[in-house]
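Comments concern the structure below.
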Amino acid sequence: MVTITGYSTREGVSGKQSLFLHVESDLIPKSSKTSGRTYFITRKAKVLAAIDEELAQQLIGHTLPGNITKQEVEPFEVTDYHSGETKMLHHRNVYVSAAS
């Protein structure tokens, strides 16, 4: 299951606004490579949605069947807004519906 945690809009190349739902996974247990201790993470993704902002606002907090997986992609650069650190990523998080 994933939970809708918010939404955002972006203007595309053509000037048209697109709306994206922000989704977050349930807790995922991981083991530390150094200490062996268990800790928890969540995965987050943004999913294009053909809905208006009013409905997007109403959907915050709802859950959807499915999960978020890592998908290998061409390397791209991202900058951490807090630290200013730049790094290369080779994956992105993708929502996969349980119906898929």
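Just a few scattered comments:
- Charge dipole magnitude, Cβ of K and R +1, D and E -1 - the chain, Cα centre, debye nearest 20: 460 debye
- Each of 59, 3, 88 was placed along the dipole of the chain (beta-carbon charges, centred on the mean Cα), and the one lying farthest toward the positive end is 88.
- For a paramagnetic label modelled on residue 16 (point 7 Å from Cα along Cα→Cβ), amide N atoms under 13 Å away belong, within the range 34-54, to 49-51.
- The residue list 76, 27, 47 was ranked by how far each Cα lies along the charge dipole of the range 12-100 toward its positive end, using unit charges on Cβ atoms, and 27 comes out on top.
- Residues whose amide H falls under 5 Å from that of residue 7, counting only those 5 or more places apart or on a different chain, are 22, with hydrogens built in the peptide plane.
- For residue 46, a cut-off of 21 angstrom between C-alpha atoms picks up these lysines, skipping any fewer than 8 places away in its own chain: 16, 70, 87.
- Top of 58, 71, 17 by mean-square fluctuation, Gaussian network on the chain, Cα under 10 Å: 17
Coordinate-derived values only; no laboratory data. Not measured: the values here are computed from a predicted model. Every residue, glycine as well, gets a Cβ built from its backbone with ideal geometry; the counts of neighbours run over all protein chains shown.
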